[in-house]
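> For reference, the structure I am asking about is given below.
The values are calculated or read from the model by the stated rules, or taken from the named source; none is laboratory data. Note that the structure is a prediction, hence the values are computed from the model and not measured. As a convention, Cβ positions derive from the backbone with ideal geometry for all residues, glycine included, and neighbour counts pool all protein chains shown.
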Amino acid sequence: MAAVQWRSRMRNYEAELQRCRPEAALVEFGDYHPLKPIMVTDTKTRRGARKGSTSSSSSSSSSAPADPLSSMLDGTDPLSMFAAASASEAPVMSHSASTGDLGRKRKEKSEEAVGLDFEPWSAKRGEILARFTTTEKLSINLFMGSDRGKAPSPGSSAVSEKVRTRLEELDDLEEGSQRELLNLSQQDYANRIEELNQSLKEAWASDQKVKALKIVIQCSKLLSDTSVIQFYPSKFVLITDILDTFGRLVYDRIWTMCSDPRPLPDSFTVDDVNDTAKETCLNWFFKIASIRELLPRLYVEAAILKCNRFLNKSGIQETLPRLTAMIRGIGDPLVAAYTRAYLCRVGMEVAPQLKDSLNRNFFDLLGTFRQISGESVQNQLVQQRVEVPEYLTLYSPAINWILQCIAYRAPEALLTEMMERCKKLGNNTLLLNSVMRAFRPEFVAARATDFISMIKDCDEAGFPKHLLFGSLGRSLACADPPESERLTILNEAWKVVTKVRSPQDYINCAEIWVEFTCRHFTKREVNTVLADIIKHMTPDRAFEDAYPQLQSVIRKILTYFHDFSVLFSMERFLPFLDMFQKDSVRVEVCRSIMEVFIKHQVEPTRDPVILNAMLHICKTMHDSVNALTLEDEKRSLALLIIGFIRMVSFGRDFEQQLSFCVEARATFCNLEPVLVQLIHTVNQLAMETSRVMKGSHSRKTAAFVRACAAYSFITIPSLSSIFSRLSLYLLSGQVALANQCLSQADAFLKAAVSILPEVPRSISIEGKLRSSESFLLDFINNFLATLLVVPDHPEHGVLYLVRGLLNMVQDYTWEDNSDAKVRVYVSALSLLAAMSQETYLYSIPKVDSNETLYGGDPKFLTEINKLCETLIGQILDHLKTLGRDEQSTRRQGTLAFSLFGILLSHGDLRNNKLSQLSVNLWNLSHKHGYCETRISVRTLECIKHQAQQPDMAHLTDTVQRLALQSRT
Amino acid sequence: MSVTLDIRLKRANKVYHEGEVVAGVILLVCKEALQHHGISLSMEGLVNLQLSSKSVGVFEAFYNSVKPIQLISSNIEVAKAGKVPGGKTEIPFEFPLSTKGNKVLYETYHGVFVNIQYTLRCDMKRSLLAKDLTRNCEFIVHCQPQKAKVVPTPVNFTITPDTLQNIRERSALPKFLIRGNLDATNCVISQPLTGEVVVEHSDVPIKSIELQLVRVETCGCAEGYARDATEIQNIQIAEGDVCHSLAIPIYMVFPRLFTCPTLETTNFKVEFEVNIVIVLHDDHLITENFPLKLCRV
């Protein structure tokens, strides 16, 4: 066995290719083709249309095959149906009963209830809680009658007694044990209220309705307390949550009382409600009507307003105006305003169609406005040391809400009337602010100049002007004022904004106006705005407290300016960026800029302004990477930087591009993916040069591509991932070869070979340790394929690189029990066989491969054959080792079969010994029956087929000796 | 051996009028069969008069004469002595609500010195060893709607320091002008008391404006009578320094049971009044009194 004599089979690749190529068959355009997409040209008209588009000329069946997806739907697909429905409210989908119904229902709903375009209270809640805070100590004053065993005595069922005890208990609240919690921080306060909310739910669940009512009454009583007035809006939010809970509980309770035998429909009428439920409901109302104090009575009745539906049709309609009028009895204007807001909120929820009481509320509010300047309020402010402007801002959530309710789908005329009324009140700033916040932006935008003049007329002492301009700016950001007025508006507004002294107030307002500026003006104006912001925010490092706003400025600019050459030509843009001095924020800003850049920069650029700025930004991101940076973070940063690098192109100025890459390498040395990208870029550059020179380099370009190769060569070692190094060496080697830089290619490949021993046996992939063997095998096969065209180095021996590689393979510490080494040998055999051909399977233009260097020199062939023989010897040795162990017979079989395959396709089987060896291998591979019969059969067929070719007749002989083992 | 006895009226609100039939069931729930000596049901309507302690001294002499006045009374035997099977037993009953002779059924009223109450009482007699079972159930009687048309008779009022009576030092009073009106002093009991009050002017800020509903009960006979006014409820309609010259609504629901149509009989009287109470910040208390006549339509 040892003396195997290798002869490679001579191949005529050209002829083989011809033989294998299938006959081309022309497909006429328009013919049926399986891959041709099924197009439904018209989704609206049913049937017929579909037939034509999918019919096939090849199909002989009489009816065209219907598309299974569209046939399900009877013509129209549901998605386009919805789209059509929402585009035009007209219900076009009448042919489908259920969807038609749905559409109708929705339409009805949108008429009677509040649509999605109404910003719900829940959206305001958080904002109010966050805005109105205090550091002062709060107190909760609860007069809860201590539960002194008032549990209903089971003996008496007399209504009178029950009612009496209950009323007594209600009375208890007044004289009962007083629980006063002092010195609460704001958070404590919120927690307490939440506790009360919980105990309300518990009391309800344990059927202690009186206790529940007590809690609610006590809570609403807290709303009449205006000490620590700055916190009042937040207090309102917290307490109305409880009221909402209570309202829901009562409503649900009465609802379930009527749900026997079946639940009430959503649109129930009074007649559907049974007597017991009505009586219970009535009881609640009587009970609430007897609450002594005004504010709790108002709030609690408003909370259960919805329950009027159980009693009579017009209940809500009558109650709302009454409650509205009753609010007039509240002396404190702030308390009254918030009560109105709550009533409007409940009204909007329960009966949005009743606009009158909303308006009534607003007019009453206007009527009581003079109270703000009244003595009682002023005294209170002095006592609490609150400034008037601050006090006025406390109103805005309530008034905004009321106006929002009024303005919702209101006719233009009403809005105009409202505005006029506000004007009459001497341009009351507070109202003006709310009007701008609550009315439709279009409405406000159309009258922007009016508003500005009104704001200017306002007196300085009242509501802060920057807030007014903020509100105006917010409207203008959503709707466009008339074109001719825009510049005046901006000028007027900015004149005021720039005078705001407190940096925090200033930036809050400026941030809003940036959007308007970006929307309608050019970089010049935006630049001015930026300059102004910088001027305001730099003193005392005020920017440190305003990062969110500054970030939002950047975001807004990026939304409107996608042309980065314009963006970066704003003088103040980069200095603006410099204000982000906190690392995390700065990186985030850079990141957002990069994201926009990658998304919107379509054309590669060489604009030095962009490049400089972007490099600066990318460098900022890069420099943020440190030992603690997470992998994911690094990856995403690297992706962004790569996105930038890919967008850089100097066109024909390759030198410049290379020097850019050099600079980039220096800048981004910490992010490996970026380095990899740079190497790819440089390789691409070399290939591009070669393309431009049409393959033949001039002296200058040859030097340039060598420079490129040098760049890669010195960059690759700095990578830590061994596999990127290997593949980049290989790739760069290939590029060098393609550019006729033989010695560079040699160096690359040699480097690749030399680091092979460093490949660890396992590598971590996505956090899991995996064997590196398969990757390594892939690489080596790829490498071997390249080696075919690499000419031998004149100073080294024949097949220097192949030998080097094989040596490395031999010395590499493979995994125990692995056939990898031998599999490499098997692959190497194919390479060697390919090398001994007269003309190679492929070659690189302008590079002489070994075929030309040696010209089929017999000495060279002998070298190859000797090498082959050694390899086969090694393989056979390995096969023998495998044979010793029972467990490895399967591996032995597979390996033997693959060697057999190699012999068959590359070996010259006319040689008796080889032929004998192949037969032996066949037998060996089938010996243990692990070979798949199907493959064996196909192999045999293939050999028979080959035997019919000229020069291959000897195979017939071999085939006869290959026995197919039956499985019997 | 537990047994529960209950009376369930058919009407959820338990309100009946003269001439109607009070219908319902007696509900017996017991685990096992129950031996008893008869179940009876009685209906009774009573007026209880009581004298206030301050009047007792004067009227000790005829104290005894203030005894309950029976308006209606009837009794039926529901079941003869026997056994009630275990489980839930419902025994339906009906009482016609009609009076003998020229007696009138007054409306149910829970007051302090006058109480008009209608009850159903179910008794189950049992053997010596077990206690007798009793169950009371109040039902409510609304008197017949008034035939004559109610004339609302609205009233306007103006309160200034000069209109006040019962004051010690008129000069110490701050200046104020409060106007208003009540939409009706002849009120329908099922409808709220409404009106408006306007603070036109006040030197001292207002602390609170309240409506005080007062019952005036008179008990007596030929020898003399006792008249007592007590508060039923107090409803705040304004809190704090309200906006001047802005009409504040007066709105008060008449509480059930504690009010009834104004009643005048030979033995007792039940009348109602409302006080509009204005509390000033310096704790001056200004009260304006309006007698009301309540009726049912």
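> For residue A:346, indicate whether it is part of a loop (DSSP other than H, G, I, E, B) and in contact (Cβ under 8 Å) with a residue 40 or more places away in the chain.
On the way: part of a loop (DSSP other than H, G, I, E, B): no; in contact (Cβ under 8 Å) with a residue 40 or more places away in the chain: yes.
Answer is no for this residue.
> Also: If I filter segment A:557-571 for residues that are crowded, with 19+ Cβ neighbours inside 10 Å and farther than 30 Å from residue A:651 by Cβ, do I get at least one hit? Write out each step before concluding.
Taking segment A:557-571 and keeping what is crowded, with 19+ Cβ neighbours inside 10 Å, we get A:557-558, A:561, A:564, A:567-568, A:570.
Subset that is farther than 30 Å from residue A:651 by Cβ: none.
No, every residue in segment A:557-571 fails to be crowded, with 19+ Cβ neighbours inside 10 Å and farther than 30 Å from residue A:651 by Cβ.
> Still on this structure: Restricted to segment A:541-600, and to residues that are over 21 Å from the mean Cα position of the chain (by Cα) and among the basic types (Lys, Arg), which residue is nearest to residue A:507 (Cα to Cα)?
Once the filter is applied, the top-ranked residue is A:541.
> Which ones in segment B:216-256 are of a type in the set (Lys, Arg) and more than 8 Å from chain A (Cβ to nearest Cβ)?
Looking only at segment B:216-256, we keep the residues that are of a type in the set (Lys, Arg), and these are B:227, B:256.
Selection gives B:227 alone.
> Residue under question is residue A:323, and the condition is that it be assigned to a helix (DSSP H, G or I) and facing chain B (nearest Cβ under 10 Å); does it hold? First the steps, then the outcome.
Values: assigned to a helix (DSSP H, G or I): yes; facing chain B (nearest Cβ under 10 Å): yes.
For residue A:323, the condition - assigned to a helix (DSSP H, G or I) and facing chain B (nearest Cβ under 10 Å) - is met.
> Continuing with the same structure: Within segment B:1-35, work out how many residues are closer than 18 Å to residue B:125 by Cα, more than 10 Å from chain A (Cβ to nearest Cβ) and of a type in the set (Asp, Glu).
Number of matching residues: 1.
> Also, I was wondering about something else. Mind listing whichever residues of segment B:95-133 are within 14 Å of chain A (Cβ to nearest Cβ), part of a loop (DSSP other than H, G, I, E, B), in contact with a strand residue (DSSP E or B) (Cβ under 9 Å, 6 or more places away or on another chain) and not acidic (Asp, Glu)?
Answer for segment B:95-133, where residues must be within 14 Å of chain A (Cβ to nearest Cβ), part of a loop (DSSP other than H, G, I, E, B), in contact with a strand residue (DSSP E or B) (Cβ under 9 Å, 6 or more places away or on another chain) and not acidic (Asp, Glu): B:108, B:111, B:112.
> May I pose another question? Looking for whichever is within 14 Å of chain B (Cβ to nearest Cβ) and loosely packed, with under 14 Cβ neighbours inside 10 Å here; the options are A:252, A:275. Which one fits? Show your work before the answer.
Details: A:252 fails: within 14 Å of chain B (Cβ to nearest Cβ).
Of A:252, A:275, the one residue that is within 14 Å of chain B (Cβ to nearest Cβ) and loosely packed, with under 14 Cβ neighbours inside 10 Å is A:275.
Matching residues to (1) over 28 Å from residue A:286 (Cβ atoms); (2) modelled with pLDDT of 90 or more; (3) touching a Pro at 6+ places or on another chain (Cβ under 7 Å):
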| residue | (1), (2), (3) |
| --- | --- |
| B:191 | no, yes, no |
| B:200 | yes, yes, no |
| B:210 | no, yes, no |
| B:218 | no, no, no |
| B:224 | yes, no, no |
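> Which residue is surrounded by the most Cβ atoms within 10 Å (Cβ to Cβ), if the candidates are limited to segment B:241-263 and must be under 21 Å from residue B:217 (Cβ atoms) and in contact with a Lys or Arg (Cβ under 6 Å, 6 or more places away or on another chain)?
Residue satisfying both the conditions and the ranking: B:261.
Listed here are the residues, each with its yes/no results for (1) in contact (Cβ under 8 Å) with a residue 40 or more places away in the chain; (2) in a helix (DSSP H, G or I); (3) more than 9 Å from chain B (Cβ to nearest Cβ).
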site	(1), (2), (3)
A:282	no, yes, no
A:319	no, yes, yes
A:327	no, yes, yes
A:358	yes, yes, yes
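> Tell me the helices (runs of 4 or more DSSP H) entirely within segment A:185-280 that contain at least 3 residues that are within 23 Å of residue A:351 (Cβ to Cβ), free of Cβ contacts under 8 Å to residues at least 60 places away in the same chain and not hydrophobic (A, V, I, L, M, F, W, C). So that I can check it myself, show each step before the final result.
On the way: elements: A:186-205, A:209-222, A:232-257.
Fully inside segment A:185-280 and qualifying: A:232-257.
> Another question about this same structure. So for segment A:898-906 (the condition being more than 21 Å from residue A:837 (Cα to Cα), surrounded by 12 or more Cβ atoms within 10 Å (Cβ to Cβ) and at pLDDT 85 or above), does at least one residue qualify?
From segment A:898-906, those more than 21 Å from residue A:837 (Cα to Cα) are A:898; that's our starting set.
Going one step further and asking which of them are surrounded by 12 or more Cβ atoms within 10 Å (Cβ to Cβ), we end up with A:898.
Now drop any that are not at pLDDT 85 or above, which leaves A:898.
Yes, there is a match, as at least one residue in segment A:898-906 is more than 21 Å from residue A:837 (Cα to Cα), surrounded by 12 or more Cβ atoms within 10 Å (Cβ to Cβ) and at pLDDT 85 or above.
> Let me ask something else about it. Scan (1) in contact (Cβ under 8 Å) with a residue 40 or more places away in the chain; (2) within 56 Å of the chain's Cα centre (by Cα); (3) within 30 Å of residue A:738 (Cβ to Cβ) for the single condition residue A:851 breaks and write down its number.
Answer for residue A:851: the failing condition is (1).
> Do you know which residues across segment A:289-304 are within 14 Å of chain B (Cβ to nearest Cβ), in contact (Cβ under 8 Å) with a residue 40 or more places away in the chain and of a type in the set (A, V, I, L, M)? Step through it out loud before you land on a result.
Step one: of segment A:289-304, the residues within 14 Å of chain B (Cβ to nearest Cβ) are A:289-301.
From the residues that got through so far, the ones that are in contact (Cβ under 8 Å) with a residue 40 or more places away in the chain too are A:290-293, A:295-296, A:298-300.
Result: A:291, A:295, A:298, A:300.
> Please count how many residues of segment B:264-280 are among the aliphatic types (A, V, I, L, M) and surrounded by fewer than 21 Cβ atoms within 10 Å (Cβ to Cβ). First the steps, then the outcome.
Of all residues in segment B:264-280, those among the aliphatic types (A, V, I, L, M) come to B:270, B:274, B:276-280.
Then keep just the ones that are surrounded by fewer than 21 Cβ atoms within 10 Å (Cβ to Cβ); that gives B:277, B:279-280.
Of the residues in segment B:264-280, 3 are among the aliphatic types (A, V, I, L, M) and surrounded by fewer than 21 Cβ atoms within 10 Å (Cβ to Cβ).
> Just checking, which of A:310, A:286 is of a type in the set (Phe, Trp, Tyr), within 14 Å of chain B (Cβ to nearest Cβ) and without any contact (Cβ under 8 Å) to a residue 24 or more places away in the chain?
Values: A:310 fails: without any contact (Cβ under 8 Å) to a residue 24 or more places away in the chain.
Sole residue among the options that is of a type in the set (Phe, Trp, Tyr), within 14 Å of chain B (Cβ to nearest Cβ) and without any contact (Cβ under 8 Å) to a residue 24 or more places away in the chain: A:286.
> So for segment A:546-562 (the condition being under 27 Å from residue A:661 (Cα atoms), of a type in the set (D, E, K, R), part of a helix (DSSP H, G or I) and at pLDDT 85 or above), does at least one residue qualify?
Among the residues of segment A:546-562, not one is under 27 Å from residue A:661 (Cα atoms), of a type in the set (D, E, K, R), part of a helix (DSSP H, G or I) and at pLDDT 85 or above, which makes the answer no.
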